[in-house]
There are 2 protein chains.
Amino acid sequence: MGRDTEGTGTLGKAMAVLEVVAMAERPQRFTDILMALRQPRGTLHRLLGHLVEEGLLVQRPDLSYEPGLRLLKFAYRSWSGNRFREIAAPYLLKLHQLTGETVHLGVLRETEIIYVDKVESQQTVRMSSQIGKASPAYCTGIGKAALSVLPSSELQRISARMEFRPFTPKTHRSAETLYAEIAEIRHDGHAFDREEHEAEICCVAAPISVPDHDLIGGISVTGPSYRVSLAQLTAWAQDVRKAAADIEEELRIRSGPGRETGGETPRVRSDAQRPR
Amino acid sequence: MGRDTEGTGTLGKAMAVLEVVAMAERPQRFTDILMALRQPRGTLHRLLGHLVEEGLLVQRPDLSYEPGLRLLKFAYRSWSGNRFREIAAPYLLKLHQLTGETVHLGVLRETEIIYVDKVESQQTVRMSSQIGKASPAYCTGIGKAALSVLPSSELQRISARMEFRPFTPKTHRSAETLYAEIAEIRHDGHAFDREEHEAEICCVAAPISVPDHDLIGGISVTGPSYRVSLAQLTAWAQDVRKAAADIEEELRIRSGPGRETGGETPRVRSDAQRPR
DNA sequence: CAGGCTTGTTCCAGTATATGGAACTATGTT
DNA sequence: AACATAGTTCCATATACTGGAACAAGCCTG
């Protein structure tokens, strides 16, 4: 063990706590977090105190913890200033008009897909139902599409961390079957979700990859099985691929030499050397 | 100096970095952050590396930094599971139907109001335009309303940190004039924003305070000056106050003995003793 | 195109700060 | 009343953060 020595010290631990609290359905008590993280009591206690003081967590009267609002503030800028989202938006809309179904934009982060934007019919939904929601990559269309464009070493590393929880009867249960499907996806250029995450829900997705930005994600068209057949999804596949390719290209253009939305003189070095 | 010794150590510094990057209009470069925080180069460099590794920041090809998506993921739960928002939602809607104008729900955090929800006419807006947005408390309706229910020691502490940036000709420029208005607000039970933050925009607001949750915020009805007169706002004031009072009461009921949305057995102690 | 300037990266000794085991207090259970 | 459970505090120790200073690399400017 001790292979990947969380190089981020205190910060890493703090984020691990946030992760536990934010991903839990209900407010977490001290002991819940303690057991989830297996940190020493003293350490965790101090850490929680700090997180509360920083406004990242809030402690309720019954002493349990839930995510604090400061996170919302941070996320606002993270979302509203996101160029990926801005650039993709019109293409999402176009896809929605073409298909009449819900369109998602998502980004791969470790083993998860984080949904960044969404276009759906009934615009009654606010904070668009699941912007910011994270779903496992191995059982979602965008997730598998994104995985398919990963260098195989990365795919290896990431899939090693997956849990393969069986959400439906059709969910992948091991890396092996996932790899097999990813091989297909690499060939086809698009991925399906055949009710693997939620029953009665399926989608087609295509990957978007911009190495310069370390950005890997994708877009998808999603619908209920009773209305959207696999044949229908297959028919849409090329449109989805086209949209993905267009977004990818525009991102490349508008980031490299570009100015525009915070273009800034690109002082590219011989090789990307980030803090390590 | 050195009065309030940021008790949160490493975490505090990391959040200060996030704050700088998230609040800046454009991506921040190393030196920008360096000057904003006046931390030693080595320290900051390592910290940025950690933040990137954790996905809280993203480094662009030109080496500048912008907020990472992981923040969006955290915020999703922070918002979707927020009881304050859930409970207030129907009252916001009612106020909107009554007035026809935009209704906001906000929470006070230090010197800022963070907007948590919003109801407006044209529901075309997604991620509702400014959910998660933070505005200064001293020049917004909800902000001043919230400040008015603070114990005066707290008001003192918080207002000492304010910057009193003059957004419009009518913005408060010092704590003195603000205090004077707050005295009025305490008496009336509601606050106005008379084009103090944005020209041509005004609002009425009422405070919401639930000490058990350390929750102080408010709701407001906002409109453009050409359509909404001060007299009109004054007429709405009692409705806003009523809504605020109703929300406050429901929060008290549903949190104390309540079960419901993660009610949990309230193990209230002799005195609230949080980690310090 | 050489010299100065700005920006970002790396190194390392010193020490402040986080660590974590263990004892303690408070609350609820048998 | 004794036990069990949940949360809080304490403190010697060492790890991980600190921050000055040197280094590397792009960028002017004369």
*Using packing as a proxy for protection, rank B:32-44, A:8-20 so that the peptide with the highest average count of other Cβ atoms within 10 Å comes first.*
A:8-20, B:32-44
*Residues of the protein assembly as shown: accessible area per residue with a 1.4 Å probe, Å²*: 47
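How big is the charge dipole of the range A:50-164 about its Cα centre, in debye rounded to the nearest 20, if each Lys and Arg gets +1 on its Cβ and each Asp and Glu gets -1 on its Cβ?
Approximately 300 debye in magnitude.
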*Tell me, what is the 1.4 Å probe accessible area of residue A:91, in Å² to the nearest 10?*
40
*So for the range A:9-72, taking the charge dipole from beta-carbon charges (+1 Lys/Arg, -1 Asp/Glu), which of A:65, A:49, A:9 sits furthest toward the positive end?*
A:9
*So which of A:73/A:144; B:73/B:144; A:13/A:73; A:144/B:133 end up more than 29 Å apart, counting from Cα to Cα?*
A:73/A:144; B:73/B:144; A:144/B:133
_Measuring nothing but label to label, 7 Å from Cα along Cα→Cβ, what are residue B:55's distances to the other copies in nm, shortest first?_
2.4
*asked:* To the nearest 20 Debye, how big is the dipole of the protein assembly as shown about its Cα centre, given +1 on the beta carbon of each Lys and Arg and -1 on that of each Asp and Glu?
replied: 1040
*Apply 1/(1 + (r/R0)^6) to the Cβ-Cβ distance of residue B:252 and residue A:187, taking R0 = 45 Å, and write down the FRET efficiency to the nearest 0.05.*
0.15
*asked:* Taking a point 7 Å out from Cα toward Cβ as the label site, list the nm distances between residue A:156 and the same residue in every other copy, smallest first.
replied: 6.4
*Where q = 0.09 Å⁻¹, what log10 of I(q)/I(0) comes from the Debye formula for chain B, counting one point per Cα?*
-0.49
*Could you tell me what percent of the accessible area of the range A:9-72 is made up of carbon and sulfur, with a 1.4 Å probe and every protein chain present?*
52
*For residue B:254, place a label point 7 Å out from Cα along the Cα→Cβ vector, do the same in each other copy, and report the separations in nm, one decimal, smallest first.*
3.9
*How would A:74, A:164 rank on accessible area, largest to smallest, probe 1.4 Å?*
A:164, A:74
_At 1.4 Å probe size, with the rest of the protein present, what percent of the exposed accessible area of the range A:81-255 is carbon and sulfur atoms?_
51
*Going by accessible area, probe 1.4 Å, with all protein chains left in place, what is the ranking of A:101, A:184, B:195, largest first?*
A:184, B:195, A:101
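Over both sides of the B-A contact, add up the buried accessible area with a 1.4 Å probe and give it to the nearest 100 Å². Provide the component values of the computation, followed by the final result.
On the way: alone 16650 and 16700 Å², together 25770 Å².
Buried: approximately 7600 Å² between A and B.
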_Nearest-to-axis residue of chain A, judged by beta-carbon position, where the axis maps A onto B, in Å_ = A:75, 2
*What accessible area, in Å² to the nearest ten, does a 1.4 Å probe give for residue A:202?*
10
*Per residue, how big is the convex hull around the C-alpha atoms of the range A:71-201? Give it to me in cubic angstrom, could you?*
130
_Taking the Cα centre as origin and putting +1 on Lys and Arg beta-carbons and -1 on Asp and Glu beta-carbons, what dipole magnitude results for the range A:142-201, to the nearest 20 debye?_
240
*So what does residue A:234 come to for accessible area, using a 1.4 Å probe and Å² rounded to 10?*
70
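The values are calculated or read from the model by the stated rules, or taken from the named source; none is laboratory data. This one's a predicted model, so the numbers in the text were calculated from it and none came from an experiment. Glycine also receives a Cβ, built like all others from the backbone with ideal geometry; neighbour counts cover every protein chain displayed. Surface accessibility is based on the protein's heavy atoms, side chains included, excluding ligands, DNA and RNA. Shrake-Rupley method; radii C 1.70, N 1.55, O 1.52, S 1.80 Å.
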